[in-house]
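Structure first, commentary second.
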Amino acid sequence: MRFFVCALVLATLPLLAGCGSSSSPSAPSTSVGTFTETDLVVGTGAAAAAGQTVTVNYTLWLYDTSKTDGKGAQVQTTVGGVPFAFVLGVGQVIKGWDQGVVGMKVGGSRRLIIPPELAYGSAGQSGIPSNATLVFDISLLSVQ
């Protein structure tokens, strides 16, 4: 079940049409407007490149300027559960991930702040309101 929920949140919108929950948290207080990536820890292993299968742990928050590091309501995490694997750069995940995970090295952690146009846009998603800016902390576990 946890894997299904992870895949549900991270899959692209066409794959998710018709899925979701009727309840969603309130929208973040403001949108950051631009994509940002910040290396929290620079890894020392193999670098992630388009076309490779990468395995990650992540935590997702709704962006909120009134909160520390912009981390509003936590929506989901794989930390302590099943890591998430996907092929980088082929549209299996939101555009912000395909853009922001490239170049990460195994053992590294990166924070991505992803505006709606690189996430779920005006459609929103289960647990994610429309036009939400998202904050992800991602740890790269492996590259194949």
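Once you place label points 7 Å from the Cα toward the Cβ at A46 and A85, how far apart are they in nm?
With each label point 7 Å from Cα toward Cβ, the separation is 1.2 nm.
Using only Cα atoms, what is the ratio of the radius of gyration of region 32-144 to 2.2 N^0.38 Å?
After normalising by residue count via 2.2 N^0.38 Å, the value is 1.00.
To make sure I understand the rule: partners must be lysines, Cα under 22 Å from the Cα of K95, and not fewer than 8 residues away in the same chain. Which ones qualify?
K71, K105
Please give the charge dipole size of region 46-144, origin at the Cα centre, charges +1 on K and R Cβ atoms and -1 on D and E Cβ atoms. Round to the nearest 20 debye.
140
Mind giving me the FRET efficiency for Q74 and A123? R0 is 22 Å, r the Cβ-Cβ distance, nearest 0.05 is fine.
Efficiency, from the Cβ-Cβ distance: 0.55.
A short reminder: the numbers here are calculations on the coordinates, not readings from a lab. These numbers were taken from a predicted model, which means no experiment stands behind them. Cβ: placed from backbone, ideal geometry, glycine included. Neighbour counts: every protein chain shown.
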